[in-house]
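*Asks:* Once you've had a glance at the structure underneath, I'll fire off some questions.
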Amino acid sequence: MTAADGLSGRTALVTGAGQGIGEAVARAFAQAGARVVAADLAPAGVKALAEEYGESRVTARTVDVADAAAVEELLTEVERTLGPLDILVNVAGVLRPAQVAELTDADWSRTFAVNTTGVMNTSRAASRRMVARGAGSIVTVGSNAAGVPRTGMAAYAASKAAATMFTKCLGLEIARSGVRCNVVSPGSTDTAMQRQLWDGDEVPRGVIEGDPESYRTGIPLGRIAAPADVAEAVVFLASDRARHITMHDLYVDGGATLRA
């Protein structure tokens with residue numbers, strides 16, 4: 001990162017920052033000189049980040065993004081203690097894989113509560129403040145599953161599709177205020193969420209080569225993404241280098257969806 005990126009000294013809130021992609025995003029912003037509020041429902045991971053970087057660079061907060069009142073309280077605290085929020089990155093998410101016939105009401109509801117309503121709660125609270133100041137950037141981490149059907153992933157894919165379109169609609173509504181809203185859509189990424197789909201610690205061949213039985217293409221680049229690969233895309237879209245980009249959906253999936 002360079003000074004031209006305009007990230008040094010800015011305040012960024014990253015949800016789902018306790019592990020995986022969210023942790024990688026929080027680290028990337030901290031390394032770029034931003035003040036990071038690392039938020040997660042589970043406190044251990046974000047507390048470890050704050051201890052590693054120091055409270056002056058990373059502030060740990062616990063929040064359930066599905067709770068609108070808790071989100072509003074967090075945003076109020078952040079702006080009172082750290083100043084105006086410049087960047088919001090929505091990473092918090094859950095995956096409850098199941099065929100539709102076996103999908104429970106509870107799993108469906110929680111998936112949408114976090115992956116979709118959570119994005120709405122944080123984005124609404126942040127955008128109100130950003131619009132009033134005439135500046136800001138919101139990036140939602142979606143999924144390539146939002147654009148291509150996946151077996152056993154109906155709840156997850158539908159929730160990510162909804163979050164993606166919500167972010168684009170918000171971006172359209174507030175574009176004239178100078179606030180940008182974009183989406184980064186990863187494919188298979190080596191995270192704890194991804195590994196719950198594996199039988200062991202090794203990447204299943206079907207992830208890289210494709211699996212005809214599940215109607216899944218492989219990854220043309222021949223490798224699974226690292227969380228840092230996704231974080232780089234997020235940081236770019238949040239930075240001044242992307243100042244003329246809004247309502248964009250950037251796929252970071254090694255070509256897996258053939259950009260369908």
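No lab work stands behind these numbers, since they all come straight from the coordinates. Here the structure is a predicted model, which is why all the values come from computation and not from measurement. No Cβ is skipped: glycine too gets one built from the backbone with ideal geometry, and neighbour counts run over all protein chains shown.
*Asks:* With the crude spin-label approximation of a point 7 Å out along Cα→Cβ, what separation in nm comes out for V131 versus L221?
*Replies:* 3.5
*Asks:* Using the Kirkwood radius over C-alpha pairs as Rh, can you work out the diffusion coefficient of the stretch 3-251 via Stokes-Einstein at 37 °C, viscosity 0.692 mPa s, in µm² per second?
*Replies:* This corresponds to a translational diffusion coefficient of 181 µm²/s.
*Asks:* Counting each DSSP H run of 4 or more residues in the chain as -39500 (n - 2.57), what helix-only mean residue ellipticity at 222 nm follows after dividing by all residues, to the nearest 500 deg cm²/dmol?
*Replies:* One gets -12000 deg cm²/dmol as the mean residue ellipticity at 222 nm.
*Asks:* While we're looking at this one, here's another question. What residues have an amide H closer than 5 Å to that of G210, excluding those fewer than 5 places away on the same chain, when H is modeled at 1.01 Å from N in the peptide plane?
*Replies:* Amide H to amide H, under 5 Å and 5 or more residues apart or across chains, G210 pairs with G218, I219.
*Asks:* Given C-alpha coordinates of the stretch 90-187, what is the ratio Rg to Rh with the Kirkwood estimate of Rh?
*Replies:* When Rh is taken as the Kirkwood radius, the ratio is 1.04.
*Asks:* Distance between the C-alpha centers of the stretch 217-260 and the stretch 86-154? Whole Å please.
*Replies:* Result: 17 Å between the Cα centres.
*Asks:* Sequence gap at least 6, Cα distance under 8 Å: using those rules, report the relative contact order of the stretch 3-251 to the nearest whole percent.
*Replies:* Normalised by residue count, the contact order of the stretch 3-251 is 20 percent.
*Asks:* So if each residue of separation counts as 0.36 nm, and I subtract the Cα-Cα distance between A69 and E52, what length gain in nm does that give?
*Replies:* Full-extension gain reported as 3.2 nm.
*Asks:* Now, a different point. For a quick check: with amide H placed at 1.01 Å from N, whose amide H comes under 5 Å from G136's, ignoring anything fewer than 5 positions away on the same chain?
*Replies:* R180
*Asks:* Now a separate question. What are the residues whose amide H is under 5 Å from the amide H of R96, where those residues sit 5 or more places off or on another chain and H is modelled from the backbone?
*Replies:* Under 5 Å from the amide H of R96: Y156.
*Asks:* Anything in the chain that counts as a DSSP H helix reaching 15 Å or more along its axis (C-alpha) with Kyte-Doolittle mean of at least -1.0? List them, would you?
*Replies:* 20-31, 43-53, 68-81, 118-133, 154-174, 227-238
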